[in-house]
Amino acid sequence: MKKQLFLLALGLLCVQLITAQTLAADNKVAESITFSEPLKGPGIYGVFEGRSPCAVSRQFDAGMPESCDHLKWQLVLFRDSVTMLPLSYQLTTEMFERRPLKGKWIINKALIKGSTVYVLDAVAPGKPLYLLKGDENVLFILDENLQFRTGDADFSYTLNRVKKVLRANPQH
């Protein structure tokens, strides 16, 4: 009986944590500086950025050096400008800086009951990348088993929607 009550309480806590993220009033789109014309238009679902520990690179079979402590991410999700259905994505990190990963993405509401998961194909053969939608502005990077990844004091497994802001390139 105690075990069942504990599991029930743990489940309610998890639901509360997910709900707390979804209802956060201060969860606003951040500005991100770009030195080229920012992507715009109805074909752009969103631009998301974040920093995560390098452990996620194992999912990509990227062979990151041991000295790697974090990855900077930029994910652009594209959609059909008429139907608004998912089309493709472009994922850039230090691993793919010169040649970003590109592929298709889908929205799956059946993988985790009551949640929306974005599934990105072609990250690595047979290894899709799962992103749990916290709300319109936050995506959580899940592991291969659809479980939350645990970050550390400096980096998380969270991507936040950003608005690209054009700035003059100081190198020119």
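The values are calculated or read from the model by the stated rules, or taken from the named source; none is laboratory data. Just so you know, these numbers come straight off a predicted model, no measurement behind them. Here Cβ is always computed from backbone atoms with ideal geometry, including for glycine, and neighbour counts include all displayed protein chains.
Do we find that S81 is at pLDDT 95 or above and not in a strand (DSSP E or B) in this structure? First the steps, then the outcome.
Working: at pLDDT 95 or above: no; not in a strand (DSSP E or B): yes.
So S81 does not fit the description; no.
Name the residue that is surrounded by the fewest Cβ atoms within 10 Å (Cβ to Cβ), counting only residues in region 142-172 that are part of a loop (DSSP other than H, G, I, E, B), in contact (Cβ under 8 Å) with a residue 24 or more places away in the chain and hydroxyl-bearing (S, T, Y).
By that ranking, first place goes to S156.
Restricting to region 108-137, name every residue that is at positive phi and in contact with a Gly (Cβ under 7 Å, 6 or more places away or on another chain).
Hit for region 108-137 is A122, nothing else.
Could you please give the count of residues in region 116-141 that are more than 17 Å from T93 (Cα to Cα) and crowded, with 19+ Cβ neighbours inside 10 Å?
Total satisfying the criteria: 5.
Give the number of residues within region 102-150 that are charged (D, E, K, R) and closer than 23 Å to G43 by Cα.
7
On the given criteria, is I33 of a type outside the set (D, E, K, R) and either more than 15 Å from I141 (Cα to Cα) or at pLDDT 65 or above (or both)?
yes
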